[in-house]
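Q: A single structure is presented below for examination.
No lab work stands behind these numbers, since they all come straight from the coordinates. Quick caveat: nothing in here was measured; it's all calculated off a predicted structure. For neighbour counting, all protein chains shown are included, and Cβ atoms are generated from backbone atoms with ideal geometry for every residue, glycine included.
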Amino acid sequence: MGQCGITSSKTVLVFLNLIFWVEDEVDHSIQKVYNGYNGTNPDAASRAIDYVQRQLRCCGIHNYSDWESTIWFKQTKNNSVPLSCCKAALSNCTGSLTRPMDLYSEGCEALVVKKLQEIMMYVIWAALAFAAIQLLGMLCACIVLCRRSRDPAYELLITGGTYA
């Protein structure tokens, strides 16, 4: 039981370390994914970006102008961002940068990091709860052992080297 408590403590420390590491890793990964965007639905990276932008109501890495530096933007030459950047309430949005009020203004990186940190906090709380339960179990075991040594009903059954 003690080994599990130590393992839980190590797990909590690892997750706390991950919280700070996530932001750097997300920044690096999101840059790669945005640069690999090609706007076609069968492409996994493109579907993932479109999904995240729709679900989190965001556009680009830091804001919608990040799309201007992507390969996709330069190849399409239509001065627009993906339709997943369009605000959900607008049905006539074309993703044009000439109408920025139709686009989500907040970038996705900060929102993705925030979501990941929320999830990791739940994991940390679960690990802490598990460690607390183990600590309570060890405390109960110690109490039983201490009472056992003082209670005459728990006398040893071994007398003179033989079992009684």
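Q: Which ³J(HN,Hα) values, rounded to whole Hz and listed in residue order, are derived for region 30-38 from phi using the Karplus coefficients 6.51, -1.76 and 1.60 in 6.51 cos²θ - 1.76 cosθ + 1.60 with θ = phi - 60°, glycine and proline given as x?
A: Computed from phi, the couplings for region 30-38 are 5, 4, 4, 5, 5, 5, x, 5, 10 Hz.
Q: Now for a different question. Please compare each pair in K87/K115; K77/K114; K74/K115 to a cut-off of 25 Å on the Cα-Cα distance and tell me which ones are over it.
A: Result: K77/K114; K74/K115 exceed 25 Å.
Q: Sum up the charges of everything whose Cβ sits under 15 Å from the Cβ of C93, counting Lys and Arg as +1 and Asp and Glu as -1, but leave C93 out.
A: So the environment of C93 carries a net charge of +2.
Q: OK, next. Report, by chain and number, residues whose modeled amide H sits under 5 Å from the one on S80, excluding near sequence neighbours (fewer than 5 apart, same chain).
A: Here L97 satisfy the definition.
Q: Okay, moving on. Based only on the alpha carbon positions, what is the Kirkwood hydrodynamic radius of region 63-151, in angstrom?
A: Taking the inverse mean of 1/r over all distinct Cα pairs, region 63-151 comes out at 17.8 Å.
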